Amino acid sequence: MIEGRLEQVFADAGCKGSVAVLDIDGPGRVAFGDNELVVAASTFKIVVALELFCQAAEASVDLAERVRLSPAQATPGGQGFCIFEDEAEVSLRDIARMMLTISDNTATDVLIRRVSVSRIHDRLAGLGLDRIRLAGTIRQEFDAIGRDAGFAGWTEMGRAMRQAGSRADAERIWDRVLSAPSLRPGRITSATAGQMATLLRLIWRDEAGPGDACRAVRTILGQQRLTRKIATGFSDEVRVAAKSGTVPGCASNDAGVVQFPDGSRFAVAVFTRPAGPGPRTPQADSVIGTAAKMAVEHLRQHSRTAADSTVPPRTLG
């Protein structure tokens, strides 16, 4: 059974996993732990982009609107606007591009504040996706985690890690972060693999909102620069448009669409997390690609078998 094979793949990698794969143009699906609520990490940025482009299609947002970004207001993240030393002025459209292609946290918070969490949740509810939930901006989440770890906020926690006397001391601080109540599913921004895959299927079918909005999200996801997860399971001829997410020691996720040269396409979500407490086992990103390929190929084989069974036998005349 495919479920047993997936369970073993994750066990061999030293982690637990949730998988959902949906045939975009048919009823086929593979589900393994797909209803378990987990930390979404940056995969949730797909829903922020969808809301932005839906509001633009509904004429309540102008994508050409320019926003001035100050380094003093940046959200930590390691790449993108948070490493700028000078102010920058960028359109909402390109802020969305930065959010999805390089997972820019500052860009994400700008857009969350612009479109609002309540409107994001309202749209998801209308799609029947009530288990993808945002806890607030990324900065708000970070500060809550920092306070749970015993600091005034995330900035102070980061400073303590940088000034730690040894790597072991810094690791002990991060262990406090990983045990923070604010980092638990349901407290931090969370999702299920099943609902994330369903959202992607709706986007690819122009059913998640206005067609222009869905196309815009598809286009930017196809420009993704971080392709070390789902994409590693497939050859170069297979197109992958995806959004990954990582919280070191807590979650390593990816969600996207895989399209083959024959036109078949599949919405895929693979979410992984540590198998249990204790020393953290590094999660190889390749296990996400392995699990994605295994589930997709299972569906493709099932579809071919079903198609073969409907072909009438030939007769010799």
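The values are calculated or read from the model by the stated rules, or taken from the named source; none is laboratory data. Only a predicted model underlies this, so the values are computations on that prediction, with no experimental measurement involved. Here the Cβ positions follow ideal geometry from the backbone for every residue, glycine too, while neighbour counts run over all protein chains shown. To get the accessible areas, we keep the full protein, side chains included, count just its heavy atoms, and leave off ligands, DNA and RNA. Shrake-Rupley method; radii C 1.70, N 1.55, O 1.52, S 1.80 Å.
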key: Of all residues making up segment 29-85, the number that are among the aliphatic types (A, V, I, L, M), open to solvent by 20 Å² or more (accessible area, probe 1.4 Å), out of contact with any strand residue (DSSP E or B) (no Cβ under 6 Å at 6 or more places or on another chain) and more than 23 Å from residue 142 (Cβ to Cβ)   = 4
note = Within segment 89-111, the count of residues that are open to solvent by less than 10 Å² (accessible area, probe 1.4 Å) and part of a strand (DSSP E or B) comes to 0
remark   = Looking across segment 4-18 at residues that are assigned to a helix (DSSP H, G or I) and open to solvent by less than 70 Å² (accessible area, probe 1.4 Å), the single one that is farthest from residue 29 (Cα to Cα) is 11
ask   = Any idea how many residues of segment 159-212 are touching a Ser or Thr at 6+ places or on another chain (Cβ under 7 Å) and either assigned to a helix (DSSP H, G or I) or free of Cβ contacts under 8 Å to residues at least 12 places away in the same chain (or both)?
value = 2
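Hey, among the residues in segment 263-277 that are modelled with pLDDT of 95 or more and open to solvent by 10 Å² or more (accessible area, probe 1.4 Å), which one's nearest to the chain's Cα centre (by Cα)? Walk me through how you get there before you give the answer.
The first filter runs over segment 263-277 and keeps only residues modelled with pLDDT of 95 or more, leaving 263-272.
Next cut, open to solvent by 10 Å² or more (accessible area, probe 1.4 Å) only: 263-265.
On the way: 263: 24, 264: 22, 265: 18 Å.
Filtering segment 263-277 for residues that are modelled with pLDDT of 95 or more and open to solvent by 10 Å² or more (accessible area, probe 1.4 Å), the one nearest to the chain's Cα centre (by Cα) comes out as 265.
Given the options 220, 203, 230, name the one that is of a type in the set (Val, Ile, Thr), closer than 17 Å to residue 121 by Cα and open to solvent by less than 20 Å² (accessible area, probe 1.4 Å). Give the steps one after another, and end with the answer.
Details: 220 fails: closer than 17 Å to residue 121 by Cα; 230 fails: closer than 17 Å to residue 121 by Cα.
The match here is 203.
Rundown of residues vs (1) open to solvent by less than 20 Å² (accessible area, probe 1.4 Å); (2) over 30 Å from residue 203 (Cα atoms); (3) touching a strand residue (DSSP E or B) at 6+ places or on another chain (Cβ under 7 Å), yes/no style:
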position	(1), (2), (3)
132	yes, no, yes
137	yes, no, no
144	no, yes, no
158	yes, yes, no
171	no, yes, no
177	yes, yes, no
184	no, no, no
187	no, no, no
query = Does residue 149 satisfy the criteria of being crowded, with 18+ Cβ neighbours inside 10 Å and without any contact (Cβ under 8 Å) to a residue 40 or more places away in the chain?
reply = yes
ask   = Restricting attention to segment 240-261, and to residues there that are open to solvent by 40 Å² or more (accessible area, probe 1.4 Å) and modelled with pLDDT under 95, which single residue is farthest from residue 300 (Cα to Cα)?
value = 248
